[in-house]
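> Provided herewith is a single structure, encoded as structure tokens, for subsequent inquiry.
The values are calculated or read from the model by the stated rules, or taken from the named source; none is laboratory data. Note that the structure is a prediction, hence the values are computed from the model and not measured. Methodologically, a virtual Cβ is constructed for each residue, glycine included, from the backbone with ideal geometry; neighbour enumeration extends over all protein chains shown.
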Amino acid sequence: MNNHRRRVERVGSAAVIVCSCNVISDHQVRSVTAERTVRATSEVYRCLGCSAECGRCARTIRRIMDEALAVAEDHSA
Ligand code: FES
């Protein structure tokens, strides 16, 4: 799949592109983190059919993953 043609999901608030190399949105990161047991940023890229290019987004993706995992833990407690 051409990453630049990948459709950005919009659920609730507007999606924000967090990885410009692969055109990955914050919504996609949250979705992958909630649906699967991902623990590393590399798994997020792999689940979305791409891989890290420049790596500048890694910290942002990690932060979004941590937020999504915290929300999931709150809901399961
Ligand atoms: S911005 Fe995500 S790999 Fe470059």
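> Quick one: what pairs do we get from region 2-24, first residue on the phi > 0 side of the Ramachandran plot and of a type outside the set (Lys, Arg), second exposed (fewer than 12 other Cβ atoms within 10 Å of the Cβ) and modelled with pLDDT under 50, C-beta under 6 Å, 6+ apart or different chains?
Here the result reads Val23/His4, each pair linking region 2-24 to a residue that is exposed (fewer than 12 other Cβ atoms within 10 Å of the Cβ) and modelled with pLDDT under 50.
> Additional query: Scan Val38, Val44, Val29 and give me the residue that is at pLDDT below 95 and surrounded by 13 or more Cβ atoms within 10 Å (Cβ to Cβ).
Val38
> Applying the selection to region 67-77, what residues are surrounded by fewer than 11 Cβ atoms within 10 Å (Cβ to Cβ) and either within 10 Å of the ligand (Cβ to nearest atom) or charged (D, E, K, R) (or both)?
Across region 67-77, the qualifying residues are Glu73, Asp74.
> While we're looking at this one, here's another question. Every residue in region 35-64 that is within 11 Å of Cys19 (Cβ to Cβ), not in a loop (DSSP other than H, G, I, E, B) and not hydrophobic (A, V, I, L, M, F, W, C), please.
Residues satisfying the conditions are Thr41, Tyr45, Thr60.
> How do the pairs read when you match residues in region 47-70 that are modelled with pLDDT under 95 with residues anywhere that are basic (Lys, Arg) and surrounded by 17 or more Cβ atoms within 10 Å (Cβ to Cβ), using Cβ under 7 Å and keeping only pairs 6 or more apart or on different chains?
Ala68/Arg30
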